[in-house]
Amino acid sequence: GWQASMKSGSLSYILPCNRLPVQLMSQVRVYTSNGQKKDLGSEGANRSTPEETLNKVGTGRQDTSTAGQKQSFLKEPIQVKVKAVLKKRDYGPKYTQNNFITGVRAINEFCLKSSDLDQLRKIKRRSPHDDTETFTVYLRSDVEAKSLEVWGSPEALARERKRRKEAEIKYRENLFRNQRLLREYREFFGNTKPRSSAAAMFFKGPGKVVMVAICINGLNFFFKLLAWVYTGSASMFSEAIHSLADTCNQALLALGISQSARTPDPSHPYGFTNMRYIASLISGVGIFMMGAGLSWYHGIIGLLHPHPIESLLWAYCILAGSLVSEGATLLVAINEIRRSARAKGLSFYQYVVQSRDPSTNVVLLEDAAAVLSVAVAATCMGLTSLTGNPYYDSVGSLGVGTLLGTVSAFLIYTNTEALLGRSIQPEQVQRLTELLESDPVVRAIHDVKATDMGMSKVRFKAEVDFDGRVVTRSYLEKQDIEQLLQEIQQVKTLEELEAFMLKHGENIIDTLGAEVDRLEKDLKQRNPDVRHVDLEIL
């Protein structure tokens, strides 16, 4: 094995090869960061020589040739390279005072006025919003100094914050009493995008379809109810209940449409578009409970306790009118879906199955079921009139209930799938993925998710591995290379090198952020349904 004898003045090793001891002698020099060196080989002059050390370790087997070999080794110095590293900084609270803060946060968190910010230094930074390229920020240290100047002390500022917090709580409790303050708040900060009023939504698109269906189904319910009271027909009762269920469900759809137009707030940052799916889901449950349940109940009662039916002339007239009115509403819904499907590049069947517009889908299926149920009810009532057997009428009621149950099951399934957050079509995901992978700044993408949020809104998320060389070259293309070279040549000390790297490092990070913004805009242009893009940097 290896045997070693080490001292501060020398390094000696004995090699077991052919039982010949080999000794390496060197001087160790230690360099410090300030350029000083220490020679440890000169210390301890009175210490034992390398020959004495060898004689102590050896076993006496060395001959004269071995002694000649060990004296022939030269003293070779060992070169030690010392790596110059920066001292690790302790980033405390004082360093975060140089962070940027927006004007809205400065006013809210430090209890300032907009006029107080006019006297502070303004810095233009890249905007994270699509509608503006740059926006104004302030240094946090300047804002804190200004708040102390306005309020006098941190204690006074804390008291004002507490007071405003209590006032905010009272404001929320009395929201309806403070509508005027809410309007002033919106006028001061402004709205990001103008939004259409809720009433205007019911004069076009799905809102128009729903309002037409509410009016027609309300009238149908009234006349069918009169016909049932006059004739006592179970099929007519089922039709009246069907029209009542359609009217209530479509009123619920109208509520969902109006709620979906609400402006996003901090509690719901992605808006209220899912309210349409929630209303459609409740509508499907209502059709099942009110329409199918009562129709089945009345049909079973008719089978168990049959009774003769009066003249069905008025019932036929009302059913004919219902067929015309329900058919008209069905045509309105079909035309609206065709127009929307053509705009999305989908077929009629795909648009309905994917539940792209839940409100129109409900009207379409309800009116289609209404037309079929009118035909079923008229057929069963005709058989009852011809044969005098009331069982046919009860079977018609069961048929209408089964038809409504099928429609409600389809509505519950499609709206549940939409609320769970399903993915968009694989072809669309592939197009978005190819757009990212074909960009020079992107090396690879991972964990791609494209979720349909409903109502033609898609949220796209991906983890992106950016090419730092391309990003850096994109930054250098915007710089004066000769001036940059002069700055590099003027760097002489570690402090100057640190300042140079920090300056351009921050600019390169800003360039990376600009590349992310560009990719997000390209994704939204490729697929207009993409409203929210989350690109995570690997």
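The values are calculated or read from the model by the stated rules, or taken from the named source; none is laboratory data. Note that this is a predicted model, so its numbers are computed, not measured. FYI the Cβ positions are ideal-geometry reconstructions off the backbone, even for glycines, and counts take in every protein chain you see. Accessible surface areas use protein heavy atoms only, side chains included; no ligands, DNA or RNA. Shrake-Rupley method; radii C 1.70, N 1.55, O 1.52, S 1.80 Å.
Summary table
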quantity: By average C-beta atoms within 10 angstrom, highest first, the peptides 263-273, 330-340; calculated: 330-340, 263-273
quantity: Heavy-atom accessible surface of the range 365-504: percent carbon and sulfur, 1.4 Å; calculated: 59
quantity: Ranked packing of 408-414, 160-166, most packed first, by mean Cβ within 10 Å; calculated: 408-414, 160-166
quantity: Hypothetical label at residue 267: residues of the range 155-172 whose amide nitrogen lies under 19 Å (7 Å Cα-Cβ projection); calculated: 165-172
quantity: Sum of side-chain charges, residue 364 neighbourhood, beta-carbon under 15 Å (Lys, Arg +1; Asp, Glu -1); calculated: -1
quantity: Amide H within-cut-off set for residue 533, under 5 Å, with H built and near neighbours excluded; calculated: 460
quantity: Accessible area in square angstrom per residue, the range 204-420, 1.4 angstrom probe; calculated: 44
